[in-house]
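Student: Starting off with a structure, shown below.
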Amino acid sequence: SSRRDVGLRFQNVIIPAGASITTAYLQVYPNAASGDVYVDIYGHDADLSADFNSLRQVNGRAKTTATAAWTQNNLTYPGWNNSPELRTIVQELVDTYDYSAGRAMTLLLIARTAGGYSNSYSYEYSDHTYSAKLHIEYTTGVPSQDTAPPVISGISPSGTLSSGTVQATISLTA
């Protein structure tokens, strides 16, 4: 079989500026019991990632420096399969481009061997139930809305420890 590169474009990805990506991975559902995966995953390093109708090319697109190798024999079928961790790829894109208002994020799966990627359902050719999903978790570093300090009550010393400190039982109420 011939080499098969795959591009997956996810629209309206919203991630606040300055967010720290804690985990990211791709979920795919094979459409047949066929396959092995031998690909390198990159992000499309572009301010506005063109869809594949206007720019069909996958391998020739600008790639992130960050990459993840996905090597898996016999993808689970039927069932969802998770890629390796993609946190560094997504973080590079979020650090470079503004996703706070929502923009397309494209992942490029570049085959290392002929074949290289198992067939999976695509968004355009299915009822979307089994189309690829991009899972991203992040933190923003923004404190929670409840900034009042906890109230300490019910302190009752119960003895002196050898270091000279007092041991106390306390209860906190929010």
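Student: In the set Ala69, Ala46, Ala24, which member is open to solvent by less than 30 Å² (accessible area, probe 1.4 Å), at pLDDT 90 or above and assigned to a strand (DSSP E or B)?
Tutor: Testing whether each residue is open to solvent by less than 30 Å² (accessible area, probe 1.4 Å), at pLDDT 90 or above and assigned to a strand (DSSP E or B) leaves just Ala24.
Student: Let me ask something else about it. Name the pairs: first residue in region 74-94 and in contact (Cβ under 8 Å) with a residue 24 or more places away in the chain and over 15 Å from Ile136 (Cα atoms), second residue aliphatic (A, V, I, L, M) and surrounded by fewer than 15 Cβ atoms within 10 Å (Cβ to Cβ), Cβ to Cβ under 8 Å, at least 6 apart or on different chains?
Tutor: Tyr77/Ala32; Tyr77/Ala33
Student: Looking at (1) assigned to a loop (DSSP other than H, G, I, E, B); (2) within 16 Å of Leu108 (Cα to Cα); (3) open to solvent by less than 50 Å² (accessible area, probe 1.4 Å), find the lone condition where Gly79 falls short.
Tutor: The single condition Gly79 does not satisfy is (2).
The values are calculated or read from the model by the stated rules, or taken from the named source; none is laboratory data. If you're wondering where the values come from, they're calculated on a predicted model, not measured in any experiment. As a convention, Cβ positions derive from the backbone with ideal geometry for all residues, glycine included, and neighbour counts pool all protein chains shown. Keep in mind that these areas ignore ligands, DNA and RNA; they rest on the heavy atoms of the full protein, side chains included. Shrake-Rupley method; radii C 1.70, N 1.55, O 1.52, S 1.80 Å.
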